[in-house]
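Structure first, commentary second.
The values are calculated or read from the model by the stated rules, or taken from the named source; none is laboratory data. Values in this document were obtained by computation on a predicted structure and should not be read as measured data. Cβ placement follows ideal geometry from the backbone for every residue including glycine, while neighbour counts extend to all protein chains displayed.
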């Protein structure tokens, strides 16, 4: 795992730097139309997958036989980001669930007359298990976005980290701390001894910390999916996104 300095360099460099890495050229209307309908990208994909195409790339100094042609993240890396962001969203959604299915639902008991009433007691084991799942998913998300070169993903991830830092005091009060590498750590004993009303406020209401993290994770999933869709194709402005390794299959990624 990268340290703080490495994380800031990769993450915030992606936010403020130029990660496009492509050149925009003038296009006639027929070429522009073929780009928009996808036929131009398919033709180029076929060409650059051919030996002549690979040699042309090398001849013009774009790549050598071992160079990855990619200004952003590989499709495999993007797929991992999308998977981990979905898992984080699912973990947060489970904690946000209300009613009788909520992990924060209090117990029921009966009085001497057999009438059932709410005893106000939380199932701390159940709550801990769900929050621990959230923490694990959050850390997996951090692991997968730490070296992203995609600006939108970096921005959303940085927002998620800043959100966590802003809530550090409340997280600490329920046994959750933030490591130097921006990941979360939960102490089971401290969590179960903490005020579950605070935990509920952090994870079980609209606008809560868990809700906002879920929103950031959903954004990352969307951006990752969008980047995967742009891989190996021309953009609407005529910029080409390379996700290939010269000397290997055009579709291969690292």
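If the condition is being in a loop (DSSP other than H, G, I, E, B) and within 21 Å of the chain's Cα centre (by Cα), then segment 180-210 contributes 180, 181, 182, 183, 206, 207, 208. In the condition set (1) in contact with a strand residue (DSSP E or B) (Cβ under 9 Å, 6 or more places away or on another chain); (2) assigned to a helix (DSSP H, G or I); (3) modelled with pLDDT under 90, residue 228 is compliant with all but (1).
On the basis of being at pLDDT below 95 and either out of contact with any helix residue (DSSP H, G or I) (no Cβ under 9 Å at 6 or more places or on another chain) or part of a helix (DSSP H, G or I) (or both), does residue 117 make the cut? Against the criterion (at pLDDT below 95 and either out of contact with any helix residue (DSSP H, G or I) (no Cβ under 9 Å at 6 or more places or on another chain) or part of a helix (DSSP H, G or I) (or both)), residue 117 qualifies. Scanning segment 155-179 for residues that are part of a strand (DSSP E or B) and either crowded, with 18+ Cβ neighbours inside 10 Å or touching a residue at least 12 places away in the same chain (Cβ under 8 Å) (or both) turns up 176, 178. Among the residues of segment 64-106, those that are at pLDDT below 90 and in a helix (DSSP H, G or I) comprise 99, 100, 101.
For segment 141-154, filtering for residues that are assigned to a helix (DSSP H, G or I) and buried (at least 19 other Cβ atoms within 10 Å of the Cβ) leaves 6.
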